[in-house]
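Written below as structure tokens is the structure these notes are about.
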Amino acid sequence: MGRSKGWAAERTGRAPMLSPGRPQINQRPAKRAFWQCIAEGLQSEDAARACGVSQPLGTRWFREAGGMPPMTLAPPSGRYLSFPEREEVALLRAQQCGVREIARRLGRSPSTISRELRRNAATRGGTLQYRATVAQWKAERAAQRPKLAKLAQNNRLQAYVQERLAGAVADGSGKRIAGPNVPWKGRRHGRRADRRWGNSWSPEQISRRLPLDFPEDASMRVSHEAIYQALYVQGRGALRRELAACLRTGRALRVPRARTRQRGKQFITPELMISERPPEVSDRAVPGHWEGDLIIGLNSSAIGTLVERTTRFTMLLHLPPMVGHAAGARVKNGPALAGHGAEAVREAIAEKIATLPDHLGKSLTWDQGAEMAQHAQLRIETGLAIYFCDPRSPWQRGSNENTNGLLRQYFPKGTDMNRYGESELDAVAATLNGRPRKTLGWRTPAEALEDLLFEPVATTP
């Protein structure tokens, strides 16, 4: 004989709760540890592994939250029963301990224990049985206080935000221009060649403009953080997530600040940074210290540039495509075949440095490009001390950047660098080295280097 309808609500004093399935183990401490790892800059998979949950679950947490830590993960105040306390209640209850005995052992009020045993008991089996996992799940569900987002409540405000964020681009006559068709796949930017066209106001611009457009209407106010959450957090119900493609970054998820600070290359260690470079390199008094970079052209073509800091002497690196480039499907995690991968750049630099005397090959300063991933082997082969500039600091290679600007006269942007062979690059380099330079007292870099090549070497008697 089954139970009458509504018996569980009558016995527990709580309305029926729809179950999402098997009650999960208390995840609040694990989620708190997960987001702490995310704040420290770990990837989702690494953070999940560090806090003891599966990697797919960590990725799901990160995506469901839009890359933003939920506000509901604040540390417990102690006012309510914790999961360990509920486990203790379940054990004592199984030992036939009374309500007051359980309350005395836990240091809680008897009414708290009585209410816990009644409200959060499991009812699926037709009887009231207390299980810690079910009780924790019910307590968390009952503690939720969902609040409708302001953008979801105010249709006028939502339309204003959406129009400034993703409204269509129009010409002078008001005719709308659709722009490229970029389907939303939940990824940053969509296809590399296309970006979705829209008004593309930033959330801060929208938020700051509202008081100017509606000075008397207090309901037309929203913070830029609320707009970001409406775009990134699932379930906010205000703005569609695909509208994030209209942001300047085009990110489908937020990126924690600590993760952006760790964008440096893994092959770069602190002792290789430019701050550790000897002072003699900075004052340009001692020759043999070089600066290098790549000039990128059309179809992923490139040439390398090496500039000696004292004489401004320039050498160009020929970087032709490697065998197999643009032939069939690319091998995943295979070598870079465009010609300016780490292996090709290392071999080109070693070949050029080998043509110089030993006293003119002391150090090389490069930016943090992945093409220098094999710098350790390059140092072994050539004896060059390799140093790397700080991120986004091109002025730390001033001579090289200036020379790259001069080379753009011969290789403007959009040039296919693969059109030119090594002899042609050497001819352009010789042309630059034959120009008189003001910083050299109107001597040419070739003349300055020639003086160093034939400089007498001091000997001890």
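See the values below:
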read-out: Which listed residue, of Thr431, Thr444, is free of Cβ contacts under 8 Å to residues at least 24 places away in the same chain and buried (at least 16 other Cβ atoms within 10 Å of the Cβ); value: Thr444
read-out: Residues that are touching a helix residue (DSSP H, G or I) at 6+ places or on another chain (Cβ under 8 Å) and open to solvent by 10 Å² or more (accessible area, probe 1.4 Å), drawn from the range 394-419; value: Pro394, Trp395, Gln396, Glu401, Leu406, Tyr410, Gly414, Thr415, Asp416, Asn418
read-out: Set Pro321, Pro279: member being out of contact with any Gly (no Cβ under 6 Å at 6 or more places or on another chain) and either in contact (Cβ under 8 Å) with a residue 24 or more places away in the chain or open to solvent by 60 Å² or more (accessible area, probe 1.4 Å) (or both); value: Pro279
read-out: Residues of the range 145-189 that turn out to be out of contact with any helix residue (DSSP H, G or I) (no Cβ under 8 Å at 6 or more places or on another chain), surrounded by fewer than 13 Cβ atoms within 10 Å (Cβ to Cβ) and part of a loop (DSSP other than H, G, I, E, B), as a count; value: 15
read-out: Qualifying residue in the range 83-98 (condition: in contact with a helix residue (DSSP H, G or I) (Cβ under 9 Å, 6 or more places away or on another chain) and closer than 30 Å to Arg254 by Cβ); value: yes
read-out: The range 41-99, residues that are among the hydroxyl-bearing types (Ser, Thr, Tyr) and open to solvent by less than 70 Å² (accessible area, probe 1.4 Å); value: Ser44, Ser54, Thr59, Ser82
read-out: Members of the range 25-40 that are of a type in the set (A, V, I, L, M), over 22 Å from Trp137 (Cβ atoms) and open to solvent by 20 Å² or more (accessible area, probe 1.4 Å); value: Ala39
read-out: Contacts under 8 angstrom Cβ, first residue in the range 122-133 being in contact (Cβ under 8 Å) with a residue 60 or more places away in the chain and assigned to a loop (DSSP other than H, G, I, E, B), partner open to solvent by 40 Å² or more (accessible area, probe 1.4 Å) and among the basic types (Lys, Arg), 6 or more apart; value: Thr123/Arg11; Gly126/Arg3; Leu128/Arg11; Leu128/Arg118
read-out: Test result for Glu371, under 26 Å from the mean Cα position of the chain (by Cα), in a helix (DSSP H, G or I) and of a type in the set (D, E, K, R); value: yes
read-out: Every pair of residues 6+ apart whose Cβ atoms lie under 6 Å, when the first sits in the range 205-230 and is more than 26 Å from Val255 (Cα to Cα) while the second is among the basic types (Lys, Arg) and open to solvent by less than 80 Å² (accessible area, probe 1.4 Å); value: Leu210/Arg221
read-out: The range 355-368: number of residues that are within 19 Å of Asp426 (Cα to Cα) and open to solvent by 80 Å² or more (accessible area, probe 1.4 Å); value: 1
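The values are calculated or read from the model by the stated rules, or taken from the named source; none is laboratory data. What you see is a predicted model; the values in this text were computed from it and never measured. Here the Cβ is made from the backbone with ideal geometry for all residues, glycine too, and neighbour counts use every protein chain on show. Remember, those area values only see protein heavy atoms, side chains included, never the ligands or the DNA or RNA. Shrake-Rupley method; radii C 1.70, N 1.55, O 1.52, S 1.80 Å.
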